[in-house]
Amino acid sequence: MDINNASRKEFLATLVTGGLVLAGCSSKKSPFEAGADEMVKASGEKVKLLSVDGEVIEVDKAFLKPVPQLPAITNSEERRGIPGKKFVMVIDLSRCKNLRKCQAACNHMHHVHSDLNWLKVYPMNEGEHTAPYWQPTTCMHCDEPPCVKVCPVDATFKRQDGIVLIDSDRCIGCRFCMAACPYSIRVFNWEKPDTVSEELCGQPYSCETSVPQKKGTVGKCDFCPDMARKNELPHCVSACPNGTFFYGDLNEDSVTNGAETFRFSDLIKDKAGYQLMDDLGTKPSVYYLPPAARNFPFEKGMEIDKG
Amino acid sequence: MENSISINNDKKAANAPTFANGRRKPDALTDEQIISDLLPRKFGKLGMIWMGILVVICMVGVFAYFRQLKYGLVVTNMRDYASWGIYISNFVFFVAISLVGSLITAVLRLTGVHWSTPLTRIAEIIAVSAITFAAIIIIVDMGRPERFYNLFLFGRLQSPIIWDVTVITTYFFISLLLLYIPLLPDMKILLATKEKTKFYKLYRFMGSFWKGTHLQFRISKKAINILCIAIVPVAFSIHTVTSWLFATTYRPGWDSTNFGPYFISGAFLVGSGAVTVAMYVFRKYYNLKNYITYEHFDKMGKVTVMLALLYMYFNVNEFLVPAFKMKKPEEGFLDSLFIGSFAPLFWSAILGGMIIPIIVLLFKKGRHPFPMFIVGIMIVVGAWFKRYLIVTPTLLHPFLPMHNVPESYKHYFPSWEEWAIAMGSLAGALLVITIFARIFPIIPIQETLIEQHEKEHHK
Ligand code: SF4
Ligand code: SF4
């Protein structure tokens, strides 16, 4: 891990100062080889850059070239997570009318196979005389994740920021995690995803974007850590016109749906938030606000629901 | 074997005395006759047809697997809810059946039971071939079989899959040794036969170092004893761990502390059923009436009844207790078994795989070879479907409703590729057993001779 990290720093430094040109960077090819023989003439025009060590350096503009696929972060960093964070989600059931905009955005951004959904909206009705409601369900990013416990090869793992991710380059496709997850949120790529283009297929897989999905491996909601790194909200959160999803950091005690921001602890206290099937001891990172004083009647959602 | 009927003591006698029903007492057999009776034989016409059928079924299975490799697991009918299907039931079935090796060889041997000696090799080859195909079928089930090595590169000790890989490998090697070591003296006998078969080189390669000295016999006896003791905990582990693949999850129908013993008792039952079937077939087609006698069937029948009762007991525990409570997540699952879509299969497996065998085997006539053969088949088939019922109904009853998926995701019935691969693996296991019996004596010659001499000595 340390070696990886060192070489990454070194690599970034070279990229910035030396003006190394990167051609198509597949995960296999060494970034140092590609384009090393290419000769570039200095233009004389300088730009100021901040190096990884925090120093301001000047570099000739000609040495900077756009990189088609800047390797995001290393696998070991993706496995460690974003330091100091503990991501949580709050889903307000009183706001959902089964529009499925969240689902569409998620499927689109993650290039999920057209038969599959990472985010499902269930019509829930527990008892005979209880009222039905719509329940959007993401991965709970359990703090005691049964799926991680059973994975034989550490292909699904828990990070220090609370997110549970999948390494599709390592997954052997045993589907034990699917049997273990009580929330049935995991899906499997039974064939090569029809939504993944040839071009996308050649890209190196990233655990944080979960793209590209690969045949014979599992997939699931990833809590969009790539968006969090960019200080943006997960796709489902920003797609919902009703502001059903709130996303945030437990350590900062704040969650937001883009339009409104709440103190997480207050929201949970005021609206009596709860966790799904917490009796199983999975300790979910997703909290639900009960479907009290609903914005829409349940029937409204039936128009969209196709089962 | 007590013999109340007079025995011809002349070892050279050509016509050994017979019982009214045509069975000969082995006591009257000469060494030469025993050896020539038990030597492996060329396939007859029936044998060739049998081999041909098995090979064809295997080839179809291989072709189906080729398609699966090419297109992915989409060729199966497994989907996100029924994420495991008949591959996994087949795996559990194979692991279960392989347990019989340890029962017949080790448990009976350690408890000083002698009548089972002629059956040890049958049991052991069933164990070895079943465990081999258990490993193969689990690789078939993987979405990424080419990454199998990840289990060794990144294996994490807390995953029950890693436990399973460890104990199954151990079991395989112990079983292989338990098959091989008792084979050594027989190999010497095979090498000493006058006509040289085409396997002569193989025998020489595998067993020429065996000279049959006292020291060698002592070492091999000791080794077998140690292996017999070692295999018992390993055998219990392989099936307990296999049951934990299910029991370590939260799912209704799997979330049970009863699963280990439930699986093990079921395994012993199906294993003894399989041995009975094999006994009958070898007895009939290899003419081993003198070596696998009515008495063997009778005793195996009694063992099987006991095991079936035991399995019954765990079934009552497994279903009656949850059914008494009818917890909400379990309700749909139990209903589907008792009165729903799985009910016909469930009740036939209970009736055909347990209750009818118990009733039949309680009668002395029921423990004759032919009824035993039929009962054995019922037990084995019932057990296969029971494994199907352990895997599928639970997966189709998740905690949250089945929703937002294509309609086909909500049901499971295996595709032709799945059937072909599952049947191919079963045919493959039978093929291994058949080929083994073609090359090696299926009844241990040396041990039969020793028993024979001891018996004569006794008199
Ligand atoms: S919801 Fe399921 S997949 Fe997500 S962390 Fe929990 S057990 Fe794992
Ligand atoms: S399917 Fe992949 S992620 Fe899931 S348990 Fe198996 S190896 Fe781990």
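The values are calculated or read from the model by the stated rules, or taken from the named source; none is laboratory data. Quick caveat: nothing in here was measured; it's all calculated off a predicted structure. Glycine gets a Cβ as well: all are built from the backbone with ideal geometry, and neighbour counts include every protein chain shown. All accessible areas refer to the heavy atoms of the entire protein, side chains included, with ligands and DNA or RNA removed. Shrake-Rupley method; radii C 1.70, N 1.55, O 1.52, S 1.80 Å.
When A:143, A:169, A:115, A:154 are checked against the criterion of being part of a loop (DSSP other than H, G, I, E, B), surrounded by fewer than 21 Cβ atoms within 10 Å (Cβ to Cβ) and within 13 Å of ligand 1 (Cβ to nearest atom), A:143 stands alone in meeting it. Every residue in the range B:395-415 that is farther than 20 Å from residue A:304 by Cα, out of contact with any Asp or Glu (no Cβ under 9 Å at 6 or more places or on another chain) and either surrounded by fewer than 19 Cβ atoms within 10 Å (Cβ to Cβ) or more than 9 Å from chain A (Cβ to nearest Cβ) (or both), please. If the condition is that a residue be farther than 20 Å from residue A:304 by Cα, out of contact with any Asp or Glu (no Cβ under 9 Å at 6 or more places or on another chain) and either surrounded by fewer than 19 Cβ atoms within 10 Å (Cβ to Cβ) or more than 9 Å from chain A (Cβ to nearest Cβ) (or both), then B:396, B:399, B:411, B:412, B:413, B:414, B:415 are the ones that fit. Out of A:259, A:228, one residue alone is part of a helix (DSSP H, G or I), over 24 Å from residue B:396 (Cβ atoms) and away from every other protein chain (no Cβ under 14 Å). It is A:228.
The residues of the range A:274-307 that are under 22 Å from residue A:99 (Cα atoms), within 16 Å of ligand 1 (Cβ to nearest atom) and open to solvent by 30 Å² or more (accessible area, probe 1.4 Å) amount to a single one, A:287. If only residues of the range A:79-112 that are assigned to a helix (DSSP H, G or I) and small (Gly, Ala, Ser) are counted, the one that is surrounded by the most Cβ atoms within 10 Å (Cβ to Cβ) is A:105. Filtered by the rule that a residue be within 14 Å of another protein chain (Cβ to nearest Cβ) and assigned to a loop (DSSP other than H, G, I, E, B), the range A:262-302 gives A:275, A:276, A:277, A:281, A:282, A:283, A:284. The single condition among (1) outside any helix (DSSP H, G or I); (2) closer than 29 Å to residue B:301 by Cα that residue B:361 does not satisfy is (1).
Keeping to the range A:181-205, report how many residues are within 7 Å of another protein chain (Cβ to nearest Cβ) and within 16 Å of ligand 1 (Cβ to nearest atom). The qualifying residues number 5. Residue B:313 - would you say it is over 22 Å from residue B:92 (Cβ atoms) and among the hydroxyl-bearing types (Ser, Thr, Tyr)? Spelling it out, it is not the case that residue B:313 is over 22 Å from residue B:92 (Cβ atoms) and among the hydroxyl-bearing types (Ser, Thr, Tyr). Looking across the range A:118-130, the residues that are more than 18 Å from residue B:406 (Cα to Cα) and either open to solvent by less than 60 Å² (accessible area, probe 1.4 Å) or outside any loop (DSSP other than H, G, I, E, B) (or both) come down to A:124, A:127. Entry remark, the range A:248-273: residues being out of contact with any Gly (no Cβ under 9 Å at 6 or more places or on another chain) and surrounded by 14 or more Cβ atoms within 10 Å (Cβ to Cβ) number 6 in total. In the set A:215, A:306, only one residue is of a type outside the set (A, V, I, L, M) and within 30 Å of residue A:167 (Cα to Cα); that residue is A:215. Taking the criterion of being under 20 Å from residue A:217 (Cβ atoms), more than 17 Å from the chain's Cα centre (by Cα) and not charged (D, E, K, R), the residues of the range A:101-146 that qualify are A:114, A:146. Can you find a residue in the range A:236-246 that is surrounded by 16 or more Cβ atoms within 10 Å (Cβ to Cβ) and within 14 Å of chain B (Cβ to nearest Cβ)? Yes, because at least one residue in the range A:236-246 is surrounded by 16 or more Cβ atoms within 10 Å (Cβ to Cβ) and within 14 Å of chain B (Cβ to nearest Cβ).
Being at the interface with another protein chain (Cβ under 8 Å from one of its Cβ atoms), touching an Asp or Glu at 6+ places or on another chain (Cβ under 7 Å) and of a type outside the set (Lys, Arg) narrows it down to one residue among B:154, B:148; which is it?
Values: B:148 fails: touching an Asp or Glu at 6+ places or on another chain (Cβ under 7 Å).
None of the others qualify; the one that does is B:154.
For beta carbons closer than 9 Å, sequence separation of 6+ or different chains, a first residue in the range B:145-169 that is at positive phi and a second that is at pLDDT 95 or above and open to solvent by 60 Å² or more (accessible area, probe 1.4 Å), there are no qualifying pairs.
Scanning the range A:149-180 for residues that are facing chain B (nearest Cβ under 9 Å), near ligand 2 (Cβ under 9 Å from one of its atoms) and under 30 Å from residue A:84 (Cβ atoms) turns up A:150, A:151, A:153, A:154, A:155, A:170, A:171, A:180.
The lone criterion from (1) of a type outside the set (Val, Ile, Thr); (2) within 14 Å of ligand 1 (Cβ to nearest atom); (3) more than 10 Å from chain B (Cβ to nearest Cβ) left unmet by residue A:133 is number (2).
Exactly one residue out of A:105, A:62 is touching a helix residue (DSSP H, G or I) at 6+ places or on another chain (Cβ under 6 Å) and not β-branched (Val, Ile, Thr): that is A:105. Checked against (1) touching a Ser or Thr at 6+ places or on another chain (Cβ under 6 Å); (2) part of a helix (DSSP H, G or I); (3) open to solvent by 50 Å² or more (accessible area, probe 1.4 Å), residue B:63 passes all but condition (1). Among the conditions (1) surrounded by 21 or more Cβ atoms within 10 Å (Cβ to Cβ); (2) farther than 15 Å from residue A:112 by Cβ; (3) away from chain B (no Cβ under 13 Å), the only one that residue A:210 does not satisfy is (2).
Kindly indicate whether residue A:215 is within 14 Å of ligand 2 (Cβ to nearest atom) and touching a residue at least 12 places away in the same chain (Cβ under 8 Å).
Spelling it out, residue A:215 is indeed within 14 Å of ligand 2 (Cβ to nearest atom) and touching a residue at least 12 places away in the same chain (Cβ under 8 Å).
Taken over the range B:375-420, residues that are touching a residue at least 24 places away in the same chain (Cβ under 8 Å) and outside any loop (DSSP other than H, G, I, E, B) amount to 29. Looking across the range A:209-245, the residues that are away from ligand 1 (no atom under 16 Å from the Cβ) and charged (D, E, K, R) come down to A:214, A:215, A:226, A:229, A:230, A:232.
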